[in-house]
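Right, one structure below, let's go through it.
The values are calculated or read from the model by the stated rules, or taken from the named source; none is laboratory data. Keep in mind that what you see is a predicted model, and the values were worked out from it rather than measured. In this analysis, Cβ positions are derived from the backbone assuming ideal geometry, glycine residues included, and neighbour counts consider all displayed protein chains.
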Amino acid sequence: MVDKNDKQKVVTELPKLDLALINQVYFGMQGCACGCRGNYHETLRMKKVAVAKLAKRASDGLQIITGLAEDKSILSWEGEDRAIRIYTQQDLMGD
Ligand SMILES: [Zn+2]
């Protein structure tokens, strides 16, 4: 999924997120993006849960990945074996 046109950076503060632009959120294990090791959610309630969890974990460092086809940006917290990811139409890369 990641190719040479993608851009990535790490931030330690939660970017300003527009809930209305979030496509889906992911909670689960790392290693496969198909959903077999975790769950994707599209409800507002779970989007808010993901935002709150990433806000708490922002000081660990959050990855921003852009340049993907369907989602403008992915904001991702990667734990030792778990990940929480927000897929959004927002451009989180900024300048
Ligand atoms: Zn899988």
Residue check: is L14 assigned to a loop (DSSP other than H, G, I, E, B), surrounded by 15 or more Cβ atoms within 10 Å (Cβ to Cβ) and modelled with pLDDT of 95 or more? yes
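In segment 58-78, what residues are under 18 Å from H41 (Cβ atoms) and over 12 Å from the mean Cα position of the chain (by Cα)?
At the first step, the residues of segment 58-78 found to be under 18 Å from H41 (Cβ atoms) are 70-71, 73-77.
E70, the sole residue that qualifies.
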Among the residues of segment 53-66, write down those that are loosely packed, with under 15 Cβ neighbours inside 10 Å and not in a helix (DSSP H, G or I). G61
Taking the residues in segment 68-84 that are surrounded by 15 or more Cβ atoms within 10 Å (Cβ to Cβ) and at pLDDT below 90 as candidates, determine which candidate is farthest from the ligand (Cβ to nearest atom). K72
Return the residues of segment 9-37 that are without any contact (Cβ under 8 Å) to a residue 12 or more places away in the chain and either within 16 Å of the ligand (Cβ to nearest atom) or on the phi > 0 side of the Ramachandran plot (or both); say none if nothing qualifies. G31, C32, C34, G35, C36, R37
Looking at (1) touching a helix residue (DSSP H, G or I) at 6+ places or on another chain (Cβ under 8 Å); (2) part of a helix (DSSP H, G or I), can you tell me which one F27 breaks? (2)
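If you go through segment 40-52 one residue at a time, how many are surrounded by 12 or more Cβ atoms within 10 Å (Cβ to Cβ) and not in a helix (DSSP H, G or I)?
Step one: filter segment 40-52 for residues surrounded by 12 or more Cβ atoms within 10 Å (Cβ to Cβ), giving 40-41, 46-51.
Restricting the remaining residues to those that are not in a helix (DSSP H, G or I) gives 40-41.
Looking only at that region, the number is 2.
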Filtering segment 79-90 for residues that are touching a Leu at 6+ places or on another chain (Cβ under 9 Å) and part of a strand (DSSP E or B) leaves a count of 5
